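A.B. asks: Here it is, the structure, as structure tokens.
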Amino acid sequence: MRPLRPGDPAWVGRYRCVGRLGAGGMGTVLLGRGTDGTLVAIKLIRSEFADEPSFRRRFRREVAAARQVVNRWAVPVVAADTEAEAPWLATEFVPGPALDATVAATGPLPERSVRTLGLRLAEALDAVHAAGLVHRDVKPGNVLLAPDGPRLIDFGIARALDDTVLTATDAVIGSPGFLSPEQAGGRSVGPASDVFSLGCVLAFAATGRRPFGGGPVASVLYRTVHNEPDLGQLSGTLRELLERCLAKEPSVRPGTGALQAAWRDAGATAGGWLPGPVTHLIAERSAGMLALPPIEPTQVPHGAVDSLETTSAPRSETPYPPSGSFGPPSQAPGRTRRRALLGLLGTGLGLAGISGGVLWWNGRNASDTGGGEDPAPELTALTVAFQADLSGPLAEAADAQLRGAEVAVARHNADDRRSFDLVLRSVDDAGSADEAVRVAERLAADDAVVAVVAATSPAATRALMDPYTRVRKSVVTVTDGAGGNLNAVYTMARPIDALQLRPIVTLLTSGTVEGPVVLVDDGSEYGWEITRSARTGLLGGGPEVIPERAEGGEAELRDAVRRIVGHLPGAVLFGGGWESAAVFAGLLAEAGYRGPCLGTQAMHDPRFVESAGPAADGWLVVSTVTDPLAAPSAAEFAQVFEEHHGEPPPPYAAEGYDVIEVLARCVEGLDTASVDHRDIVEVLRLTAHQGVAKEYAFEEENGFFVGEGVFFYRVEDGAFRFLGSDVPDEF
């Protein structure tokens, strides 16, 4: 458990908040204590979910159903407020550790423990299904361990989100690696989906690893749908039961009743089910809860018990304008975690704002004595490494980021109110995984480097994570969008690839499309992820969706285009990179299709326009990269960049500038005389910043970007024209 933060509520309903249990994409989990001393886990849902039209209705229904689940191994809902601005529910608190944390600390569970785990979780799911629910997010983090048996938590929430357009970080309801094939494919799910997820959880408990591996989300989901599970050295009855649970076809999987009988036959036991090290972990956790201080003599807010409203701790009405912003100051913070952080972290930071053009450029450097004044004290110099593909396929984008970062460093060091200097060190890894590891090993061992900006290939990004993770050195990227590097040091300063689909889905369901939407997969993992995410988002209503695949040689592609045109589509969404998109666009135009065409970030490349020629005109493309020459918030940055480099800023320059500003903002809250890279890891994900490209904030638990950050472009006259972040009224 962690202490509460200033933006956390002091009370939720009748419960006094005494600590933080966790946070994630849906919201925050707080430890609450009732006036009678009982402890509860409070799931405080982010208010963005409540803004979705159908969320409250579904959340109200699912919470009511969850209260009907009565089973010893399913943690009950004891209170809720589905009408609060930030909806919440409270469940009994179980002090035991989660299964994922237990396996990380003590290793895989012995077979006797796995058998009992399987029996008890099957009993819990049986009760969930009997109440008319499907859990949808059975994963190790939702299984708590207690001396008498496991406890399943978090039922009654996931289904309420199922109708919300692309609300989850991975654009699916659930957790990649523990999803069923039908979830991964965006199809409807039933109780058999929970059985598949249970099989994944038990395989993880028995082997210590996920049965469909790790890596980028799209890769994990692809393997879930197409590959057999990796069950390692498991054998006998245990392996046979897990293989049955993990069958690709839902109808082949056993039901929860049959599973209970099978686990009993396999020798599941009632008592003494955990090994000694795990029992010790549970005892430590329980002792920590018993040591909580008595509840403070604070008066319960008026009406809290009756109305169960959420009351927040006091916070500033007018936050300090975010430092380093060329755009307008932020609005007063709302109830979302992102805005609360802006209010909290936007106070008392020393980087200069903009007033009257580019006055900051004339600031006095620390080495300038100012004509006889006392010399400025020597400042700590902090080095940020820029590891990038400066000579490979991504060299143009990486160089743009580097030059933007150089402007940010120069600007910071020109401010005489700064408390530290910045040094930028660029290193080329050519986008090679092998070279990325060698570079990362050197930079990880260099104590002068406090953080790393990675602007390299996805393969190189994955490869470089291990050296930095071992020494707890932060890695920030605006290039990688796959979301497959989740660990304690990785922070993604852009939306993941799947969330590009949010504004596209909004546009496709706005009523302007006449005819079906054809989703075209180019056969790549990226194309599969984009079309799967789009299909998931469109399930909530809108036009008919028709999936198609366009890959292979010219003959196969022509056949695919003929099929697509034959559907008389109202719109075509292409999932793939610029090369395959250019060929497809040409064939589509040749076939006579003149309707709306859409693409995603992998197509936001000048080479698409050059290769497709006139066939590219009219395509609508979304991207997480802003146009610093067209975005109003980047106007002054563009002027300063041109003064510094002698030419206008290219795409990715504003993002490179912003990442350095985020890191500088993070350091400002630390003791710069003694700061090191481990301090950066602790606070970077808590940092919020209004940049010139977008507003930056991050999920504390996984480092994902929080916010919108997606922009529309239209190809006109052989070039991408920036339309901004608002969803167009029409194609």
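A.B. asks: Nearest 20 debye, what's the magnitude of the dipole of the range 97-283 about its Cα centre given +1 on Lys and Arg Cβ and -1 on Asp and Glu Cβ?
C.D. replies: Roughly 220 debye for the range 97-283.
A.B. asks: Which value, to two decimals, describes the C-alpha radius of gyration of the range 97-283 once divided by 2.2 N^0.38 Å?
C.D. replies: Working it through for the range 97-283, the quotient is 0.96.
A.B. asks: Could I ask something else about it? Where the only charges are on Cβ atoms (+1 Lys, Arg; -1 Asp, Glu), what is the dipole of the range 62-102 about its Cα centre, to the nearest 20 debye?
C.D. replies: Computed about the Cα centre, the dipole is about 280 debye.
A.B. asks: Sort Val128, Val471, Val134 so that the residue with the fewest other Cβ atoms within 10 Å of its own Cβ comes first and the one with the most comes last.
C.D. replies: With the fewest neighbours first, Val128, Val471, Val134 line up as Val471, Val134, Val128.
A.B. asks: Also: So for the range 97-283, averaging the separation of alpha carbon pairs under 8 Å that are six or more residues apart and normalising by length, what relative contact order in percent results?
C.D. replies: 31 percent
A.B. asks: While we're looking at this one, here's another question. What's the extension gain from His567 to Ala445 if we count 0.36 nm per residue and subtract their Cα-Cα distance?
C.D. replies: 38.2 nm
Bear in mind these aren't lab numbers, they're just calculated from the coordinates by the rules spelled out. Since the model is a prediction, treat every value here as computed from it, not as a measurement. Heads up, the Cβs are rebuilt from the backbone with ideal geometry, glycines too, and the neighbour counts pull from every protein chain shown.
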